[in-house]
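Here's the structure, in structure tokens; my notes come after.
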Amino acid sequence: MPLRLLPSTLVDRIAAGEVVERPAAALKEIVENALDAGATRIEVVIDGGGRRLMRVTDDGCGMSADELALAVERHATSKLDTEDLLSIATLGFRGEALPSIGAVARLSITSRPRGSDTAHEIRVEGGAKSAVKPAALGFGTRVEVRDLFFATPARLKFLKSERAETAAAVDAVKRLALARPDVGFILVTDDRPPVTWPARSADAAGRRARIADVLGHEVGANALDIDGLREGARLSGLAGLPTYAKANSLSQYLFVNGRPVRDKVLIGAIRAAYADLLPSDRHPVTALFLDLDPHEVDVNVHPAKTEVRFRDAGNVRALIVRTLTDALALGVPRTASTAAEKLAQFARPEFRQGAGNPPRPGNYDWTRSWAAPDVAPREASPAGFREEAAGFDFGLGLALAPSADARANAAPPAPDLMERPLGAARAQLHETYIIAQTKDGVVVIDQHAAHERIVYEKLKAAMERDGLARQMLLVPLVVELDPSDAARLAERAAALEKLGLVLEPFGPGAVLVREVPSLLGDADVCALVTELAEHAAEWDDALPLERRLLHIAATMACHGSVRAGRRLRVEEMNALLREMEETPNAAQCNHGRPTFVTLALADIERLFARR
């Protein structure tokens, strides 16, 4: 086949395959052009997932007739003052977006620059350009894209459903709206009411307000302010609490010099920062803004401008990990504020006929709602912290008693403890949950999860300081294992010794434990070694030694903490609460589960229809 030059229309369609992957990609390019034009208000209309129509109207600087004709030519741009591709201060610069869109769709651009009395319009259909002609429009620019991919119908079968494409297009607009809180947005789609995001200030308060507008006020209520600086790079924004995590990473919004990106270095750094706080299948909610010298980042590595390359990726990673780690570890422990809402879902609707009014027999089965449940009677709990509860007879021949393992009046609250963040211990339920009272609410603590985090943080601190103290067993313990598990555990004996667990092979299918970490106290060493052996195959040798050690430490902490089902005295419960207040990351255990739930008095009153 002889060598030949490709026709310009085919070249444009090839370029469109790189730039216009789906409707959301085209919409992103058009909105970025509006932002670069200095718009303060942008209206976006999406129909049919963007395939039938995408319209973007802005009040930016506008274009003259000559500029309109040039705007649909390849490699024409107003966003590069020089030929230095590392000094990029705009969102778009390739000059391929509009001609690429026009090569595969019906594109029309109408614009009127400020100071001009006339607007002009140009159309491009399947790569064929029309002449520029007068039109009617206020100051700014309106870009319409209709029948996307009509010129390349084979591309249509690769699109997802209209609902999925609409969601992708909306997400693209959300990310740009988060990047520019000083610009007002109006978003109109065919499957939901119009959404308006008013312009906010460009400072941190305005950014937080825009995040609440776009992502919801729940995100702002369950996120921490982030601000860090390292070698000229600055990280700011919001990072979600570990207990407010999602099943995927779609709620991670990342920006580099105001540009929305999906970068592997940034995502990996976020995962590393939350590694001790979340299970592997949960992802934090973040809105992080990284600002650094444009010469330190290359934004010209991807046609869709969604990926970047850092000159010093190690510095960026260290900045993110350290800033997030410090922010999550400092301050009073917090958990997600959605606990009361979840509890409200369990409130029985038949009791909501009126505040303080009993249900009426004619509305539903009185006996089924008010009679005691058909379950075996509760066994009497042993004497201890709990006082015997008095029975109550409601005239139905039933002696009912509270199911708590402790009575609140057995632990009078100390006034000074009531002022503490986690309050004063009042009771223990089912030998598992501690009930604490604060001056304006109630805190429910999972004693095992809380102590697990405390032990884990102590193990980490001892590792960083001078190593873990060990205690020698008076009689070495032989632990029987599967031969393959015993062999894997023996291979990692050196790493285990760094954590205070000294063991050695003891014939086929067994190991001999000689020393254990002092912090573990009376932990079941046999169960600990068995679980370590079961998970030894999952320890990735590609991980740094520190991360592998932390995985082992997390398992040790689980076995060395207060177990569920253990009766605690009031003094022990209060000591646990005080230690939680001083422990980093105490709001969640090593597995990412919350260690406590806070209920404000107002939340409790709402549950009982008092508000």
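Evaluated against (1) at positive phi; (2) at pLDDT 90 or above; (3) not in a helix (DSSP H, G or I), His75 falls short on exactly one condition, (2).
Table: residues versus (1) modelled with pLDDT of 90 or more; (2) closer than 23 Å to Gly592 by Cα; (3) of a type in the set (D, E, K, R).
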| residue | (1), (2), (3) |
| --- | --- |
| Lys246 | no, yes, yes |
| Arg271 | yes, yes, yes |
| Asp276 | no, yes, yes |
| Asp293 | yes, no, yes |
| Asn300 | no, no, no |
| Lys305 | no, no, yes |
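The condition of being farther than 18 Å from His535 by Cα and either surrounded by 15 or more Cβ atoms within 10 Å (Cβ to Cβ) or touching a strand residue (DSSP E or B) at 6+ places or on another chain (Cβ under 8 Å) (or both) holds for Leu519. For the range 503-525, the set of residues classified as within 19 Å of Val455 (Cα to Cα) and either at pLDDT 85 or above or not charged (D, E, K, R) (or both) consists of Glu515, Val516, Pro517, Ser518, Leu519, Leu520, Gly521, Ala523, Val525, listed by residue number. Which of the residues spanning the range 222-270 are more than 14 Å from Leu324 (Cβ to Cβ), part of a loop (DSSP other than H, G, I, E, B) and among the hydrophobic types (A, V, I, L, M, F, W, C)? Matches in the range 222-270: Ala247, Leu250.
Could you pull out the residue among Ala168, Ala221, Ala202, Ala179 that is at pLDDT below 90, within 26 Å of Leu290 (Cα to Cα) and touching a Pro at 6+ places or on another chain (Cβ under 8 Å)?
From the options Ala168, Ala221, Ala202, Ala179, the qualifying one is Ala202.
Take the conditions (1) assigned to a strand (DSSP E or B); (2) within 38 Å of the chain's Cα centre (by Cα); (3) crowded, with 18+ Cβ neighbours inside 10 Å; Val124 misses just one of them, which is (2). A residue that is of a type in the set (A, V, I, L, M, F, W, C), assigned to a loop (DSSP other than H, G, I, E, B) and surrounded by fewer than 16 Cβ atoms within 10 Å (Cβ to Cβ) occurs nowhere in the range 54-62.
Tell me yes or no: at least one residue of the range 192-207 is surrounded by 17 or more Cβ atoms within 10 Å (Cβ to Cβ), aliphatic (A, V, I, L, M) and farther than 30 Å from Arg52 by Cβ. No, the range 192-207 has no match at all. Residue by residue through the range 415-441, note down the ones that are in contact (Cβ under 8 Å) with a residue 40 or more places away in the chain, closer than 16 Å to Glu571 by Cβ and in contact with a strand residue (DSSP E or B) (Cβ under 7 Å, 6 or more places away or on another chain). Answer for the range 415-441, where residues must be in contact (Cβ under 8 Å) with a residue 40 or more places away in the chain, closer than 16 Å to Glu571 by Cβ and in contact with a strand residue (DSSP E or B) (Cβ under 7 Å, 6 or more places away or on another chain): Leu417, Leu422, Gly423, Ala424, Ala425, Gln428, Ile434, Ala436. Scanning the range 497-532 for residues that are touching a residue at least 40 places away in the same chain (Cβ under 8 Å) and in a helix (DSSP H, G or I) yields a total of 9. Among the residues in the range 22-31, are any in contact with a Ser or Thr (Cβ under 9 Å, 6 or more places away or on another chain), more than 18 Å from Thr189 (Cβ to Cβ) and in contact (Cβ under 8 Å) with a residue 60 or more places away in the chain? Checking the range 22-31: at least one residue is in contact with a Ser or Thr (Cβ under 9 Å, 6 or more places away or on another chain), more than 18 Å from Thr189 (Cβ to Cβ) and in contact (Cβ under 8 Å) with a residue 60 or more places away in the chain. Listed by first and then second residue, the pairs linking a residue in the range 195-212 that is closer than 20 Å to Glu43 by Cα and in contact (Cβ under 8 Å) with a residue 24 or more places away in the chain to a residue that is among the aliphatic types (A, V, I, L, M) and part of a helix (DSSP H, G or I), with Cβ atoms under 7 Å apart and 6 or more places separating them unless they lie on different chains, are Arg210/Ala177; Arg210/Leu178; Ile211/Leu178; Ile211/Val219. Of the residues screened, Glu464 is not one that is modelled with pLDDT of 90 or more and over 23 Å from Glu572 (Cα atoms).
The values are calculated or read from the model by the stated rules, or taken from the named source; none is laboratory data. Here the structure is a predicted model, which means the values were calculated and not measured. As a convention, Cβ positions derive from the backbone with ideal geometry for all residues, glycine included, and neighbour counts pool all protein chains shown.
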